[in-house]
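Right, one structure below, let's go through it.
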Amino acid sequence: MKNILVLGGGFAGVDTAAYLKKEGYNVTLVSDRDYFYIYPTSIWIPTGDADFSDVKVDLKDLQKAHGFHLVVDGVEKIEARANRVTLSSGKVLDNYDYLVVAIGAHKMKHPGQEHTLSICGHPLEAPKIKRRIDDLIAKGGGKIAFGFGGNPKDSSAVRGGPGFELFFNLHNLLKKKGIRDNFEMTFFAPMPKPGARMGEQALSMMDTMFERSRFHKQFGKKIKRFEADGVVFEDDSKLESDFTMFIPAGDGHRVVKESDLPTNEAGFIKINDYSEVIIDGEVSNVYAAGDVAALEGPDWRAKQGHVAEVMAKNIAYNIAERDRGSEKRKGYQEHLNILCVMDTGDGAGFVFRDSKKAFMLPMPFVGHWMKKGWGWYCRNTKLGRIPRIPGM
Ligand SMILES: Cc1cc2nc3c(=O)[nH]c(=O)nc-3n(C[C@H](O)[C@H](O)[C@H](O)COP(=O)(O)OP(=O)(O)OC[C@H]3O[C@@H](n4cnc5c(N)ncnc54)[C@H](O)[C@@H]3O)c2cc1C
């Protein structure tokens, strides 16, 4: 039985390990966290709509469900040509036939970023955001700024949706408490039209939603630095804020940047359509899946969980076919789309974009519960308790 080493315990790593087990491989998964984190439903932690424990799934439970070996340790070094991975504990893993890298992305750095918290950062930042919001609620009012940044080297690594979702959820929480009027809420982003990749119709709908929610906008100005009490822009103007939630764009993972793997300019691993990594002109024994990989495709392409899952499923299929000596392969590019239920706390907007269409469909009330239902579906399908709906 061939040995496969999967690095990372997120959407890409867990699914790759589970599908490879189904193909009959001996799989070891390495993760620096002992849990799988359902990022899309973490937006409810800061408003108290979900607990941290609702959003995480213990990797031990996933290990039991799928039968892979689990190593909880950090990956420190990848030497692809030497077939060697070194862990933070000093342990060396070099007895593998294939390597799947799925350790996600690191984040762009901005001066003064320590004055901000991100809903897309380390999972433990979400409860910290909750504490900051609780403090402001206890104070009874204040100025709140939410925003996201760009990565000029790879636009697919920009993530703004969760910022919008949390902002709308917070607005609704403050409204429910009857204190919304005491807060000034401003959304900021360096691009003139943040969210433009969702398409024109979605953008104009977001505009209406912003107006209705009385959000101020600060778009199109580059961020110079963050301070304890606000955001300073390139023209030295300052947006005052008692609490700043900022999502820096994704950047190549440090371990990948320091490895001998081929990367794009931003440090994401170059792959072909089949998630194979080409080394020295040949298809190597290394694959990459999820946010760690450089996506090829249209301008609006985005690093998303469902793309990570497609890549994971393909990798298991492609490795199995390769070992059968067949030429059959499955690619991720035909599945590139933007698919998101953008939650607002009292409903949601269904956002979809592919090469043919782009739209946002309002889903008052029911949309919120659809996303809640998806969280339940995600946990239970990952744990193998219920079957997956094809295409989901
Ligand atoms: C708040 C939020 C909301 C989102 N909402 C949506 C949505 O609605 N729809 C959608 O499709 N996508 C959504 N996304 C995007 C989606 O969550 C990501 O695309 C997805 O998590 C990528 O999966 P991944 O496995 O590649 O990376 P990750 O989920 O980041 O997992 C990386 C894994 O690698 C591990 N790791 C990292 N470094 C090391 C190391 N050195 N050693 C060992 N292990 C390491 C981490 O612990 C983690 O287990 C959202 C993201 C966020 C942050």
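The values are calculated or read from the model by the stated rules, or taken from the named source; none is laboratory data. The model shown is predicted, which means the values in this text are computed figures rather than measured ones. Please note: Cβ atoms are built from the backbone with ideal geometry, for glycine as well, and neighbour counts cover all protein chains shown.
For the stretch 323-343, a residue qualifies if it is touching an Asp or Glu at 6+ places or on another chain (Cβ under 9 Å) and either away from the ligand (no atom under 15 Å from the Cβ) or part of a loop (DSSP other than H, G, I, E, B) (or both), and the qualifying residues are Asp323, Glu327, Lys328, Arg329, Lys330, Gly331, Tyr332, Gln333, Glu334, Leu336, Asn337.
Against the test of being free of Cβ contacts under 8 Å to residues at least 60 places away in the same chain and of a type in the set (Gly, Ala, Ser), the options Gly325, Gly290, Gly305 yield a single qualifying residue, Gly325. Just so you know, in the stretch 239-268 the residues that are out of contact with any helix residue (DSSP H, G or I) (no Cβ under 8 Å at 6 or more places or on another chain) and free of Cβ contacts under 8 Å to residues at least 60 places away in the same chain include one that is surrounded by the most Cβ atoms within 10 Å (Cβ to Cβ), and it is Pro262. Of all the criteria given as (1) under 17 Å from Ala105 (Cα atoms); (2) assigned by TED's automatic domain parsing to the domain that holds Leu170, the one not satisfied by Thr208 is (1). Within the stretch 115-127, none of the residues are away from the ligand (no atom under 12 Å from the Cβ), over 15 Å from Ile247 (Cβ atoms), free of Cβ contacts under 8 Å to residues at least 12 places away in the same chain and not assigned by TED's automatic domain parsing to the domain that holds Pro298.
Only one entry in Met342, Met360 is under 26 Å from Val14 (Cβ atoms), buried (at least 22 other Cβ atoms within 10 Å of the Cβ) and not assigned by TED's automatic domain parsing to the domain that holds Gly9, namely Met342. For the stretch 22-46, a residue qualifies if it is surrounded by 20 or more Cβ atoms within 10 Å (Cβ to Cβ) and away from the ligand (no atom under 12 Å from the Cβ), and the qualifying residues are Tyr25, Val27.
Determine whether the stretch 297-316 contains at least one residue that is in contact with a strand residue (DSSP E or B) (Cβ under 8 Å, 6 or more places away or on another chain), closer than 26 Å to Phe210 by Cα, outside the structural domain of Ala65 (by TED's automatic domain parsing) and basic (Lys, Arg). No.
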